[in-house]
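Working notes for the structure below.
Please treat every number below as a calculation from the coordinates, not as lab data. Note that the structure is a prediction, hence the values are computed from the model and not measured. Note that each Cβ is placed from the backbone with ideal geometry, even for glycine, and that neighbours are counted across all protein chains shown.
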Ligand SMILES: Cc1cc2nc3c(=O)[nH]c(=O)nc-3n(C[C@H](O)[C@H](O)[C@H](O)COP(=O)(O)OP(=O)(O)OC[C@H]3O[C@@H](n4cnc5c(N)ncnc54)[C@H](O)[C@@H]3O)c2cc1C
């Protein structure tokens, strides 16, 4: 008798993981606490319930990283994508689903599977020692008893309860004829170079106008249950700091000290916005201290008034909401196991990915890894050039900690092309030999990244060695 893999949490990640394990002939016990016990966001007892929007976002596999992730998941026999496709509702280029039909299809497939035993119970502490292979996929609203138990293993500071997200900008969209690289006081810091930050200078009138726009910008309100979640005081939204007084930001995240603008060395900036490198590839930069409750459209409008960011492209926008997630790059090994207790593997949003589809994709990988382990087969990681591999690399090691270690430094993220290794050669000409510029050039680059991803995924599935030169 093969011992079962225990999966805790039947949301997007846990449901996908259960499917992947069971389809390899291995028994699964799926423990889901609903409907007996629920969360502040779930409304039903269905597995894979969508708690908010009914969209899996763009289905464009050529020029959109989430669409590429869809395509890869279909290729990897994802239950979530199969049920999504079967319950699609019209939504232009997006894959949107009938939420009840979708959750019912996932629930029916799992309950009918001969290798899956669905148990409706909360796991209110560390899983029993007899469970030698466990996937914890309890999501951003993990029940408090289990969150406490996990925190006892990881340490107080390594499990966040609030997601205080600052916007992340694609480096290539930052104007370095205005902004410049420098760390405050040229400090090297652990693992730093002395020039790890990108600095955007504001003069006094620009600063005053910026503060005014922040204060009057359109904001999203807190849910009642978010407002009462602990750890909120430590991560004030930027617009709340601005409301405390016109000069407060200059003494906080926008302080101009220890910096000299090489473009105008004789002029001291009145205030400075700093961006810190966010991934090892150096393609993404994080606006330091800029967590915000401004609406997304407002963030783009307001942050593009900052000198140097006038054409900024955002890999993700800021936010602040209840979200339980691990400091995964530090705590998890490359196959998603807790280093301190490798019988426990994590999947879904609790690992620091963001979004329904990303959570399911990490569940898919966790399921495949657990199944291979149980069968004694070698585990090969998806290539980092694929959407699955890029996401996994972000969670298990792609993020860099420079000056602000800890879970606040690692922020959950949707899949985006900034997480992919750059192409060795970027297309410069179109099909007719014309020189590509602007959006046409960006689209051609995305197409090339997607084509490389799908080709590498096929090689991974076939177990063939990767030919990195074949881009
Ligand atoms: C309020 C809110 C709105 C969101 N809106 C969106 C959105 O619109 N679009 C989007 O793409 N993403 C959204 N997200 C983010 C994220 O994509 C979803 O939360 C997604 O469902 C995460 O998948 P998951 O499998 O990790 O967790 P979940 O889907 O939440 O699944 C976790 C499951 O674990 C169960 N559980 C928890 N603790 C225990 C326990 N101790 N024992 C047994 N079972 C347990 C829960 O009941 C739940 O079924 C939202 C998140 C939140 C909190």
On the Cα set of segment 312-368, report Rg and Dmax in Å, please. 12.7, 43
Restricting attention to the alpha-carbon atoms of segment 1-98, what are Rg (one decimal) and Dmax (integer), both in Å? 15.0, 48
For the pair residue 206/residue 244, report the inter-label distance in nm, with labels modelled 7 Å from Cα in the Cβ direction. 2.5 nm
Cα Rg over Rh - the chain, Kirkwood: 0.98
Give the peptides 428-438, 111-121, 21-31 in descending order of average Cβ contacts within 10 Å, highest first. 21-31, 111-121, 428-438
Would you mind ranking 356, 270 so that the residue whose beta carbon has the fewest other beta carbons within 10 Å leads the list? 270, 356
Counting other beta carbons within 10 Å of each Cβ, put 197, 185, 207 in order, fewest first. 185, 207, 197
Distance cut-off 14 Å, percentage of C-alpha pairs in segment 406-462 lying past it: 65 percent
How much length would be gained if the chain were fully extended between residue 89 and residue 172, taking 0.36 nm per residue of separation minus their Cα-Cα distance, in nm to one decimal? 26.3 nm
Report, to the nearest 10°, how far helix 204-216 tilts away from the longest principal axis of the Cα atoms in the chain, using its own Cα long axis and a range of 0 to 90°. 40 degrees
Unit Cα scatterers, Debye sum, segment 258-384: log10 I(q)/I(0) for q = 0.11, 0.16, 0.21, 0.22 Å⁻¹: -0.58, -0.95, -1.31, -1.38
Over segment 49-204, what per residue volume does the convex hull of the Cα atoms give, in whole Å³? 245 Å³
The extension gain from residue 443 to residue 112, computed as 0.36 nm times the residue separation minus the Cα-Cα distance, is 114.9 nm
Based on other C-beta atoms within 10 Å, arrange 59, 77 from fewest to most. 77, 59
Fully extended contour minus Cα-Cα distance, from residue 381 to residue 458, at 0.36 nm per residue: 26.4 nm
Can you compute the radius of gyration and Dmax for segment 48-139, using only the Cα atoms, both in Å? 15.8, 49
Once you put a point 7 Å from the Cα of residue 75 and another 7 Å from the Cα of residue 43, both along the Cβ direction, what distance in nm separates them? 3.7 nm
Sorting check: for 274-286, 144-156, which peptide has the highest mean count of neighbouring beta carbons within 10 Å, and how do the rest follow? 274-286, 144-156
For n ≥ 4 DSSP H runs only, could you compute -39500 (n - 2.57) per run for the chain, divide by its residues and tell me the 222 nm figure to the nearest 500? -9000 deg cm²/dmol
